[in-house]
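Just below is one structure, and these are the notes that go with it.
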2 protein chains.
Amino acid sequence: MADPRKKTPGDARSAPVRIKDIADDLGVSVAAVSRALRNRGEISSEKRALVLKRAAELNYRPNLVARALVTGRSGLMGLVVPDLVHSFFAELAVALSRALRRSGFNLLIASSDEDAELERQEIDRLVSRGVDALLVASTQPTSDTFHSILDPNTPCVLLDRWFAGLSANFVGVDDEKVGTIATEHLLQIGCRHVAHISGTGVSTSRGRLEGYTKTLARYGIPINDDHIVSVQQLDKAAVSGGYAAARKLLLCDPRPDGIFCCNDPMAIGAMQAIFEAGLRIPSDIALIGCGNLHYDSALHVPLSSIDQRSEALGERAAELAIRLVEAREPVRPKVILLEPSLIVRKSTERPALRLMESLERAAEKVG
Amino acid sequence: MADPRKKTPGDARSAPVRIKDIADDLGVSVAAVSRALRNRGEISSEKRALVLKRAAELNYRPNLVARALVTGRSGLMGLVVPDLVHSFFAELAVALSRALRRSGFNLLIASSDEDAELERQEIDRLVSRGVDALLVASTQPTSDTFHSILDPNTPCVLLDRWFAGLSANFVGVDDEKVGTIATEHLLQIGCRHVAHISGTGVSTSRGRLEGYTKTLARYGIPINDDHIVSVQQLDKAAVSGGYAAARKLLLCDPRPDGIFCCNDPMAIGAMQAIFEAGLRIPSDIALIGCGNLHYDSALHVPLSSIDQRSEALGERAAELAIRLVEAREPVRPKVILLEPSLIVRKSTERPALRLMESLERAAEKVG
DNA sequence: TTGAAAGCGTTACCAG
DNA sequence: CTGGTAACGCTTTCAA
């Protein structure tokens, strides 16, 4: 007798086994099998054992699509980032994916290419796919456009970037502090003319710029507008953007002796420009980036950076997203601000600092 | 009048709008709305326009989960890699994701952590989720274990790594050629003692090793077993593995004057070991890796590498996977081998080579 | 404890 | 061209 569920007569592929198949096979109801399989609801332990055994034999795989349709929960989370090629977002995606897996969620990743409209489409699509929550490093220009995109039924966590005035879930670092730490570090190693290569449009750039200007002010240093250069494509063309910006800075008078870059790829571009100009790092110009990417320490000159804690960020975001999904009712938006930290490498190591370090090391040994 | 579809009485969230809502609203059948929305089947253009307009007004989003259940196609592809933190796989994931998006697919990414059992579980789960195809850089030890994992109804494309004797779809580079190009390059720049830091267990390592030994043989150079060091954790701990392996190599007599590393992270580790030993690259030891990662050119010494064409690989794999999904019947397995290419950077630039290059450049100008 | 049956939102088949 | 309606595989209520 031919199996009516075979796709095509000559096809070797057999249809996947369903709950009903197990039920028929065992002469019990589908309800019982469903309960046994998930170890839920009332069921005798003998029957459960029987079902489990048969399911294993038949290599039964639950159809998660069907389950999602009836339960209204897919076990999927959606991640939207501006550019997955930018290592910070790749690292973030990895951390998120890891953390979510532990709770049985899978991650659906979409790139917006720093295009607000494309981001809208991707979010729409993820919502259509029934993701239980959305995690997005948004590229929207304003809080309004962002809000208009969201689906009221899908909880959302903002990553890395936030919007003024928008009450939303957010996980990221304190960007003003990022700017403060970096700028202060450059000042403390003796830089007199600290420049900044900035991004545009997003909260991270604004916050870091603010940390930069406030710190200079606090140190009584006048702000030189020429020493602040903005790069348009924050992530997509960061390296070339940083390169171009640094070249502009090198023409300034006075020439900067320290540059704080909005992110590490920009710093890599800047590094290249500095070398091409025949200058040395850090002796002529000290350089610090932001993101603390995995390969920073292996760069031409190992790059000092501000750690944005991509791993912790992923964990905390996953945690928060899961809590939102679990909550039956809407929950008050939560903001998680992680502390950025300074990672000193060769690109900002000046003799003075090296001296201090060796003193500290000596002190450690003594203590 | 209370909407019976509201989740909870006090809840501001309203249930998503369905086809049925539009149908009721317009006084037409769900079938008509469904057809209009997808622009399929017979339907008058006036009615279609009407439906489309109302759908837009109501901000209708198709429920892709329901659609997947009935059509048996999810529009999802599953990617399984050993370690997403390894840049090669991150770059591959990005390329794949990009290519798939153009055809309306989303990508579900899972990491196996180089654990065969975990890989099995992840594949199971992706199949459960109804992915239309699987793309996997497998960590299984043998062709048999791999085959036993697969679902007969879900087409699969092997990425980067393949299994002897398994007739399957595969997209990757020709690994023996990788080994040949790298080894030959080191010989041609004048290395007399070329060592190899190898991986274990997977086809890529075996192929590259084979290219290495065959090339030495072809040049009439006896193989020195001490000059071949294997690293266990191919991707998870590649940097530290490369570091340890290089340290071992530095103790050899004769000491290698050129090292071909199985991948770039290993080369980064090796680079560190070489510097720590007070040696210079490339003058004391030339170094070449494999993968041509984005940041290679910004490293301490810009790293020569064999390009594995992660972008093209993603593209071709996406293409192939889509074809498999589209095909109604099983299609004969296809193997796509991409040509690896040599990327020369400072880590293998020897005076002799520079001379040759300038000669070539001069020749070009003349020609 | 058990099983029958009513959905979940969509598509696809058929009869008008 | 149109509109009922039966699936898709599963969970969950409800009555036995």
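The values are calculated or read from the model by the stated rules, or taken from the named source; none is laboratory data. All values reported here derive from a predicted model rather than from experimental measurement. Note that we place each Cβ from the backbone using ideal geometry, even for glycine, and neighbour counts take in every protein chain shown.
Assorted remarks:
- Filter result for A:ASP174 (over 30 Å from B:LEU58 (Cβ atoms) and touching a Leu at 6+ places or on another chain (Cβ under 7 Å)): yes
- Residue in the stretch B:76-99 that is within 16 Å of DNA strand C (Cβ to nearest atom), over 19 Å from B:SER203 (Cβ atoms) and not in a loop (DSSP other than H, G, I, E, B) present: yes
- Looking across the stretch B:21-30, the residues that are more than 9 Å from DNA strand D (Cβ to nearest atom) and surrounded by fewer than 17 Cβ atoms within 10 Å (Cβ to Cβ) come down to B:ASP24, B:ASP25.
- Of residues in the stretch B:176-207 being closer than 25 Å to B:ALA93 by Cβ and free of Cβ contacts under 8 Å to residues at least 60 places away in the same chain, the one surrounded by the fewest Cβ atoms within 10 Å (Cβ to Cβ): B:THR200
- Residue that is farthest from the chain's Cα centre (by Cα) [pool: residues in the stretch A:74-110 that are within 10 Å of chain B (Cβ to nearest Cβ) and charged (D, E, K, R)]: A:ARG101
- Single residue of the stretch A:20-69 satisfying the filter (away from every other protein chain (no Cβ under 14 Å), outside any helix (DSSP H, G or I) and charged (D, E, K, R)) that is nearest to DNA strand C (Cβ to nearest atom): A:GLU42
- Residue in the stretch B:266-285 that is within 14 Å of chain A (Cβ to nearest Cβ) and either touching an Asp or Glu at 6+ places or on another chain (Cβ under 7 Å) or assigned to a strand (DSSP E or B) (or both) present: no
- Residues of the stretch A:85-102 include none that is within 16 Å of DNA strand D (Cβ to nearest atom) and over 30 Å from A:LEU234 (Cα atoms).
- Any hit, the stretch B:182-202, residues being at pLDDT 95 or above and either of a type in the set (Phe, Trp, Tyr) or within 19 Å of B:LEU313 (Cα to Cα) (or both): no
- Only listed residue being at pLDDT 95 or above and either part of a loop (DSSP other than H, G, I, E, B) or closer than 26 Å to A:GLY207 by Cβ (or both), chosen from A:ILE288, A:ILE322: A:ILE288
- Out of A:GLN232, A:GLN140, sole residue that is crowded, with 16+ Cβ neighbours inside 10 Å and polar (S, T, N, Q): A:GLN140
- Within the stretch A:290-323, restricting attention to residues that are within 13 Å of chain B (Cβ to nearest Cβ) and among the hydrophobic types (A, V, I, L, M, F, W, C), the residue that is farthest from A:ARG280 (Cα to Cα) is A:LEU293.
- Selection count where residues are in a loop (DSSP other than H, G, I, E, B), hydrophobic (A, V, I, L, M, F, W, C) and more than 17 Å from B:ALA182 (Cβ to Cβ), scope the stretch B:325-348: 2
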